[in-house]
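Structure record follows, encoded as structure tokens.
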Amino acid sequence: MTSFQSASGVAGKSSLDALRERFKAVLRDIDEGDVKPNASASPAPGDPTASQPCHASAWDEALYVGALRDRRRERGIDASVRAIARETGSSSGRIGELLQIREAFPDKAVLMIGLFANDGDQLRDLSECGAAELSRLSYRALRSASRVSGFYARIGEVRRLAQAGVKGSGSHPK
């Protein structure tokens, strides 16, 4: 599983797919050099996906926003929080928090969370287990865990929150 993939897929699969398609369109535009100053990944009026509630987890959103920032950096395009917020149609505060969440849990942390969440099942991929564990947490819980100081302390906080059953019901509203 790459850092751009998600593990939350079952509930709300069609709306998660719609979110993925919106971000893929933005990434394509970046690749093709078609980024306009006020471009938005938000659906256009009349877009059938516009009225669908989004059930992507906060972790999915953090992955997408992180991938978008990385792609913009690779292409030499403004990758500031404000530029990404304009492009996605989200608030800059929301984008900043999602980037903070993504940076707090690099791929190494996801693997370690997966190691603890795996429960001895040797057939499961550790990054998949870690991503699934992070996808189950609410936006608020992820934001709280991302603010814990220290790499291992953050991993411990995710485990504590997961064991306490702090679950998300999808994406936090914009």
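Points to keep in mind about this one:
- Taking other residues whose beta carbon is less than 11 angstrom from the beta carbon of Val148, and scoring Lys, Arg as +1 and Asp, Glu as -1, yields +3.
- According to the Kirkwood relation over distinct C-alpha pairs, the hydrodynamic radius of region 72-144 is 13.8 Å.
- Charge dipole (region 107-164, unit charges on Cβ, about Cα centre) - positive-most of Ser135, Leu161, Ala109: Leu161
Read the figures in this text as sums done on the coordinates, not as results from a lab. For clarity, every value in this text was computed on a predicted model and none was experimentally measured. Positions of Cβ are generated from backbone atoms using ideal geometry, with glycine treated the same way; all protein chains shown enter the neighbour counts.
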